[in-house]
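Comments concern the structure below.
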Amino acid sequence: MNADVHALTGAYVLDAIEDDERADYERHIEECAECAREVAEFRATAARLGAVAAISPPTQLHDRVRHEVARTRQDSPGRLRLVGAAADSGRRIRYRRRMWTVSAAAVVAFLAAGVSVGFAINAGHQLDITQHALSQAHASDAPISRLLAAPDVRMAGGSANGGSVTLLSSPSLHQGVLLAQNLPAQPHDRNYQAWTITPAGFRSLGLLGGGGSATLSVPDLGTGEDIGVTVEPAGGSSQPTTAPIMDFRTAG
Amino acid sequence: MDDSVRALPRGHVAAAAGVAPTAEELLVTVASGDPQAFDRLYELVVAPIFGLVRRIVRDRAQSEEVTQEIMVELWRTAARFDPARGSALSWAMTLAHRRAVDRVRSAQASTDRELRVAAMSHDREFDVVAEEVATRLETEQVRRCLSELTRLQREAIELAYYQGKTYREVAELLHTPLGTIKTRLRDGLIRLRDCMGVTA
């Protein structure tokens, strides 16, 4: 890797680089143990700079945080092993989940470009949305065409064991579509089931088949909802019976 | 407070004296879903987090909102913390900085007008920043280490870290070539690291 990228360590740790450079840099530190160590040292250094600015927040903030925490499900270490094995190598300390939005024009541009596009979901793991999967779905499914045409179409997604699930959604249409890709094949008596996860419990969004690729329309989709995917007995369950293999939040 | 604990935020003092679990131990317990451990962790890290967010986001209400999001994220992702790879505070502050910067960038994304305005008034702004940093520093060590940087290193790091500027914005504000700013951010951090005796 060239010296130019290497020189970005300081800017990277200070969050002073653009998203595309961040992605380049993170690929760089995958292969550069020395850079990874420098990043860890710089982070500890920056934390000292931050800590000297300490100010106590109002006490009500603690109550609000307690309230939120009481209704927030934690990421489990089991799921992290599945989802973030590579990303969690410790060379990056980033958020695992991250939402992003894209314009319809951008989606169409990706389709037209005919290339595999990697979206960084956060701790650096990548969700590949291939031209093949999207265009195939696009051609065969009217709801997807409508979504792609919506001015506020968003994407969110997760991946596990080489497979991925992408959610295209539009708050204005209150609709979404889940696109599963390359999910590992399950035994005949098992299939994948998608859920929204709310403080009130789980609501089934439907089945995603026993592996490979599938699309699933999701009517009545809100924003900021947690989506989870589990492996369930064929035919589906009324409530999840296994731990999610991935989860992510719809763009709010 | 004796010199050995000056560099640590307030909550760490008790931990250093051996009367309370460390933030690292607490985070590991939090990962198992223990809300009491989270309450104690909150007390340890919330002031550094809120202070950093305030500095970057400025607006008080928004800073509280962002701090709340950060604390909830610490709860949610606690299982990813690995004590072998750095301190809990370093982990928390990394997350906090990123979140705060995300907030100001999304708020400013639509216009570069602010940047031009900031560029016109940047000399005055730096004086204020330098003074704020100096008066707020709780540790002589950090102040001393910052003062040992060149002016360009210090200004570049402060603009990036405390104000959430990208290095491109820093270059513009300081009327300095991009490559120079990249280099100053890195060699400034190297100097700070060595001055503070930080090891990963």
Scanning the stretch A:37-79 residue by residue, the ones that are crowded, with 20+ Cβ neighbours inside 10 Å, touching a residue at least 12 places away in the same chain (Cβ under 8 Å) and part of a loop (DSSP other than H, G, I, E, B) total 1
Elements of type strands (runs of 3 or more DSSP E) contained in the stretch A:105-193, each with 1 or more residues being at pLDDT 75 or above:
A:154-160, A:163-170, A:175-183
Residue tally, condition without any contact (Cβ under 8 Å) to a residue 24 or more places away in the chain and crowded, with 24+ Cβ neighbours inside 10 Å, over the stretch B:162-181:
3
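Yes or no, residue by residue, for (1) within 28 Å of A:R71 (Cα to Cα); (2) free of Cβ contacts under 8 Å to residues at least 60 places away in the same chain; (3) open to solvent by 20 Å² or more (accessible area, probe 1.4 Å):
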site: A:R203; (1), (2), (3): yes, yes, yes
site: A:L208; (1), (2), (3): yes, yes, no
site: A:S213; (1), (2), (3): no, no, yes
site: A:V218; (1), (2), (3): yes, yes, no
site: A:V229; (1), (2), (3): yes, no, no
site: A:G235; (1), (2), (3): no, yes, yes
Quick one: in the stretch B:93-114, which of the residues that are modelled with pLDDT of 90 or more and either open to solvent by 20 Å² or more (accessible area, probe 1.4 Å) or outside any helix (DSSP H, G or I) (or both) is farthest from the other protein chains (Cβ to nearest Cβ)?
B:R103
Checked B:Q36, B:Q68 against criteria (within 16 Å of A:P57 (Cα to Cα), free of Cβ contacts under 8 Å to residues at least 12 places away in the same chain and open to solvent by 30 Å² or more (accessible area, probe 1.4 Å)); the one match is B:Q68
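The values are calculated or read from the model by the stated rules, or taken from the named source; none is laboratory data. None of these values were measured; they are calculated from a predicted model. No Cβ is skipped: glycine too gets one built from the backbone with ideal geometry, and neighbour counts run over all protein chains shown. The accessibility values were calculated without ligands, DNA or RNA, using every heavy atom of the protein model including side chains. Shrake-Rupley method; radii C 1.70, N 1.55, O 1.52, S 1.80 Å.
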